[in-house]
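The values are calculated or read from the model by the stated rules, or taken from the named source; none is laboratory data. It should be emphasised that the depicted structure is a prediction, and the values quoted were computed from it without experimental measurement. Cβ sites come from the backbone with ideal geometry, for glycine too, and all protein chains shown count toward neighbours.
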Amino acid sequence: MNRSKIRQWFAPGPTVVAVLVCLVVTLAAQTAVAQSPAFNNGSLKGSYGFLMAKWTSTSSESAWNVVGVMTFDGAGDLSGSFTENKAGSVDTGTFTGTYSVKSNGTGSMSFTSSNGGNVTLALVIDASSKNLQLMETDCKNKPCDSVNSGAAIAQVSTSFSNASLKGAYGWLINKWTPDPNQPADASVGIATFDGAGNMKVTGTDNTAGTITSIKLSGTYSVNSDGTGSYALTGQKPTKTDGVFVINAAGKGFQFMHTIPPCGSSCGNAVWSGTATHQ
Amino acid sequence: MKNRKIRQWLGPGPVIAVLVCLAVAMAAPMAVAQSPGFNNGSLNGSYGFLLAKWTSTSSENAWNVLGVISFDGAGNVSGSFTENTAGSVDTGTFTGTYSVKSNGTGSMSLTISNGGKTTLALVIDASTKTLQLMGTYCKNKPCDSVSSGTAIAQVSKSFSNASLKGAYGRLANKWTPDPKQPAEAGVAVATFDGAGNVKISGTDNTAGKVTTDTSKGTYSVNSDGTGSLDVTDSKGNEVKAALVINSAGKGYQVLVTSLPCGSSCGNMVMSGTATHQ
């Protein structure tokens, strides 16, 4: 009788089955978390702000940065717009092309820009498709003296305005130059936006070991696609203009000077950086 | 009578509730728009960091450093690092002080176990738990280089091999001021099994020559979130690297410590960042 009761208690009644099902579901969920999701072209859908730079130590190569927006349709087609700075020469354009994503999250994209150039990039998706690491893979005349790479970050929002930038953003900007006669330069600081087109910038600059304070103020303008521009003046430097692209629904932006502090005498150098909401 | 009932119904109770609700609703956006006031207490805990030297002077040694920096919330800082100076790798520790202004900018002064001293400017990005860092130390001006990089909160206090599990997207770049060095970068997916084994599939671009390959090997994570990995590709080339985990395992920064070219690699270093897919 006792044994019968014990057997009944251990029998697979509804409660035991429910607990087992719960355990199986929990274990399955944990396994799903441990494994990365399978990716495909549909993993990339929406717009990403991007910043890329040319990595080179060949002084005859032109320093180069590009900032822009690329939009994936989730089905293998992409389009976008960009602003590029080639050793101080700034131009803008658009591009259209195709992309392909493998199941492990790596992939490639090929596009033709409005200036006639054809570009191929390798990519890898991370952060649940909210971030792309990019590396250019086209090289016409090998060996090439440079490699371009950078990152694209999901914009999340689909429409932006001046109000998309509000509050304080911490930033870091670096100078890219292969010219050994150029002094090394970087700056960190705070950019404060009022959400209505006015901004202030404070920071610390290190140019070849000489540390100076930065204090600028001016205006900014955000386009509906999240790209935008800024125009700043101050005592030192006297003028700095640039472009940016907003990502993560305004939590950050990537930026690039189009008129750096040294103006037209900057030579073979470009400046770019990233900023994140404090 | 009806109006009186309505007035009673809309009496001070609901009105006050509505007013409180409105006040809260109006205060919320203002709180979002304003950044928080920062102080030394804003930095409390450990951050994985990666810094690089920016220079175009070929006589300067390429340099990257990776490690963990811990803030006590009261102005004191300590940490450990692995640095690669043009292929020469060493490790060390540091202690020092830091100071954070109310706008989130600040500075720190460090004394390093090899006897060196350095100072850094910093800015806090609270929304991403990240610090942007720039070296401000220069003995003999003009200096031919500037170092900068990022530190990302580790969040967790203790790590193990299990802290790295799943697939991570990674971009690595070669840092070199030597014009004879071929430019190089690589994107890849690194898959960790949580038990010390890693597989890396990627695409490399060396001076325009694009190759794809898969490497396999082992990794090890220390309790402070630093670690190392040792992988060999299909051609038998072995690469070793130091790493530091951030965001509770959602990402890591990596610094190559050994390449197949060994001592003939010349004046270059490689480093990168990876984020969980």
Task: Filtered residue count, the stretch B:139-159, keeping only those that are surrounded by fewer than 15 Cβ atoms within 10 Å (Cβ to Cβ) and either out of contact with any Pro (no Cβ under 9 Å at 6 or more places or on another chain) or more than 7 Å from chain A (Cβ to nearest Cβ) (or both) - done: 5
TODO: Please work out which residue is nearest to A:Ser81 (Cα to Cα), limiting yourself to the stretch A:119-166 and to residues that are among the hydroxyl-bearing types (Ser, Thr, Tyr) and assigned to a strand (DSSP E or B).
DONE: A:Thr120
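Among the candidates B:Val65, B:Val89, which residue alone is within 26 Å of B:Pro177 (Cβ to Cβ) and under 14 Å from the mean Cα position of the chain (by Cα)?
Details: B:Val89 fails: under 14 Å from the mean Cα position of the chain (by Cα).
From the options B:Val65, B:Val89, the qualifying one is B:Val65.
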TODO: Mind telling me which of the residues B:Gly169, B:Gly202, B:Gly272, B:Gly217 ends up being in contact (Cβ under 8 Å) with a residue 12 or more places away in the chain, over 24 Å from A:Ala151 (Cα atoms) and assigned to a strand (DSSP E or B)?
DONE: B:Gly217
- [ ] Take the stretch B:81-138 and flag every residue that is surrounded by fewer than 20 Cβ atoms within 10 Å (Cβ to Cβ), farther than 26 Å from B:Ala241 by Cα and either among the charged types (D, E, K, R) or touching a residue at least 24 places away in the same chain (Cβ under 8 Å) (or both).
- [x] B:Ser99, B:Lys101, B:Ser102, B:Asn103, B:Ser107, B:Ala126
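Listed here are the residues, each with its yes/no results for (1) under 22 Å from A:Trp64 (Cβ atoms); (2) out of contact with any strand residue (DSSP E or B) (no Cβ under 7 Å at 6 or more places or on another chain); (3) touching a residue at least 12 places away in the same chain (Cβ under 8 Å).
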| site | (1), (2), (3) |
| --- | --- |
| A:Leu121 | yes, no, yes |
| A:Ile125 | no, no, yes |
| A:Trp171 | yes, no, yes |
| A:Thr177 | yes, yes, yes |
| A:Asn181 | yes, yes, yes |
| A:Phe193 | no, no, yes |
| A:Thr212 | no, no, yes |
Open item on the list: Would you confirm, using the coordinates I've provided, whether B:Gly202 is touching a Ser or Thr at 6+ places or on another chain (Cβ under 8 Å) and surrounded by fewer than 21 Cβ atoms within 10 Å (Cβ to Cβ)?
Closed with: no
TODO: Count, please, the residues in the stretch B:110-169 that happen to be within 23 Å of B:Phe192 (Cβ to Cβ) and aliphatic (A, V, I, L, M).
DONE: 7
Task: Of residues in the stretch B:98-138 being of a type in the set (Ser, Thr, Tyr), more than 7 Å from chain A (Cβ to nearest Cβ) and within 21 Å of the chain's Cα centre (by Cα), the one nearest to B:Gly79 (Cα to Cα) - done: B:Thr111
Open item on the list: Take the residues in the stretch A:245-268 that are under 21 Å from B:Leu133 (Cα atoms) and hydrophobic (A, V, I, L, M, F, W, C); name whichever of them is farthest from the other protein chains (Cβ to nearest Cβ).
Closed with: A:Met256
TODO: Name the one entry in A:Gly93, A:Gly76, A:Gly68 that is over 24 Å from B:Val210 (Cβ atoms) and more than 13 Å from chain B (Cβ to nearest Cβ).
DONE: A:Gly93
Open item on the list: Checking A:Asp91 against (1) in the same structural domain as A:Thr204 (by TED's automatic domain parsing); (2) without any contact (Cβ under 8 Å) to a residue 40 or more places away in the chain, only one condition comes out false. Which one?
Closed with: (1)
Task: The lone exception for B:Ala162 - which of (1) more than 7 Å from chain A (Cβ to nearest Cβ); (2) within 17 Å of B:Asn40 (Cα to Cα) it fails - done: (2)
Open item on the list: So if I check each of A:Asp241, A:Asp205, A:Asp194, which one is in contact with a helix residue (DSSP H, G or I) (Cβ under 9 Å, 6 or more places away or on another chain) and of a type in the set (Asp, Glu)?
Closed with: A:Asp194
